[in-house]
Amino acid sequence: LDHLSGLERGAREKLIVTLKEVSDEIAEAPSPDDYESRQAYRKALIEHAASKTKDTARQAISRLKETGVSIWTGPLSTILIVEGTPDELSRVLEHDDVADASLDEDIELIRPVNTDPSATSQ
């Protein structure tokens, strides 16, 4: 939050935001008794979880957009990239749907070391 207060008014910054999970929806999960096999039941559980995640995320994103920010995410993700002014991002951080947030930072990609002795290095 200190970083946001140091930005120029009107400057835009990005946050990586994690939405809160909705655990009380687990009670609505399908019953194993309704399926002929474990595979069918497992598939139904995955579809149920994906549907709940998508619905929960869509509702949270809609509420967060009311703060004026731009949001990017995947279709079944509870991780968001949120861009806005310091005032907008401060409102996002105070929002009930947000579990965690961190500033968008450059990351260094490290190539894995090849441990195969038969491979040749270039």
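The values are calculated or read from the model by the stated rules, or taken from the named source; none is laboratory data. Keep in mind it's a predicted model, so treat the numbers as computed, not measured. Using ideal geometry, Cβ is built from the backbone for each residue, glycine included, and neighbour counts are taken over all protein chains shown. In case anyone asks, the SASA skips ligands and DNA or RNA and just uses the protein heavy atoms, side chains included. Shrake-Rupley method; radii C 1.70, N 1.55, O 1.52, S 1.80 Å.
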The percentage of the accessible area of the range 28-79 (probe 1.4 Å, all protein chains present) made up of carbon and sulfur atoms, to the nearest whole number, is 50 percent
For the ASP100, GLU36 Cβ pair and Förster radius 35 Å, calculated FRET efficiency rounded to 0.05 is 0.30
